[in-house]
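Structure first, then comments.
The values are calculated or read from the model by the stated rules, or taken from the named source; none is laboratory data. As the structure is a prediction and not an experimental result, all values here were calculated from the model. Every residue, glycine among them, receives a Cβ derived from its backbone with ideal geometry; neighbour counts consider all protein chains shown.
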């Protein structure tokens with residue numbers, strides 16, 4: 001009979017699981033923001049490993065919560081919360097989350113985590129580029145920078161997808177059941 005009711009410790013762990021994952025995503029986001037970059041706008045996006053993990057294990061809504069909180073808190077910690085950069089970051093995060101969430105029902109039968117991450121990276125870059133056109137770089141210059149934004153993002157998407165595949169076991173019952 002004791003196996004039917006969850007222990008108090010298990011209830012606490014289940015209730016705060018998202019907080020721990022948010023802390024990990026935020027730590028990766030801030031750490032990466034403090035590292036030198038090959039080009040000013042490029043980040044590998046290691047915190048997206050956590051977003052993909054949450055998408056697979058818990059679903060789109062918890063992943064959205066962590067993605068938005070990570071972006072807002074990370075921007076606060078890195079000092080760009082009240083700058084146009086936050087608009088770029090939020091647009092990229094929401095676009096990436098949206099397309100990855102839409103692709104999750106196809107995982108793992110039709111699309112891999114690398115494919116989902118790659119598509120998320122492409123949408124992230126495209127959304128940031130679109131916001132940049134609207135608020136920062138109107139005109140022809142915006143078209144010139146598109147390859148500079150898109151190509152490194154696609155490479156990062158592949159890397160993040162490969163890293164995520166090492167974290168998530170490939171058994172058929174990889175998704176947590178609601179409960």
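Could you identify the single residue in 87, 154, 162, 118 that is more than 21 Å from residue 49 (Cβ to Cβ), touching a helix residue (DSSP H, G or I) at 6+ places or on another chain (Cβ under 7 Å) and either modelled with pLDDT of 90 or more or outside any helix (DSSP H, G or I) (or both)? Explain how you work it out, then say what you get.
On the way: 154 fails: more than 21 Å from residue 49 (Cβ to Cβ); 162 fails: more than 21 Å from residue 49 (Cβ to Cβ); 118 fails: more than 21 Å from residue 49 (Cβ to Cβ).
The conditions single out 87.
If you scan region 44-80, which residues turn out to be part of a loop (DSSP other than H, G, I, E, B) and surrounded by 17 or more Cβ atoms within 10 Å (Cβ to Cβ)?
Let us first name the residues in region 44-80 that are part of a loop (DSSP other than H, G, I, E, B), namely 44-47, 58-59, 79-80.
Of everything in region 44-80, those that are part of a loop (DSSP other than H, G, I, E, B) and surrounded by 17 or more Cβ atoms within 10 Å (Cβ to Cβ) turn out to be 44, 45, 46, 47, 58.
Taking the condition of being in a helix (DSSP H, G or I) and touching a residue at least 12 places away in the same chain (Cβ under 8 Å), how many residues in region 95-115 meet it?
Here the count works out to 12.
Of all the residues that make up region 26-43, how many are free of Cβ contacts under 8 Å to residues at least 24 places away in the same chain, surrounded by fewer than 17 Cβ atoms within 10 Å (Cβ to Cβ) and assigned to a helix (DSSP H, G or I)?
Matching residues across region 26-43 total 3.
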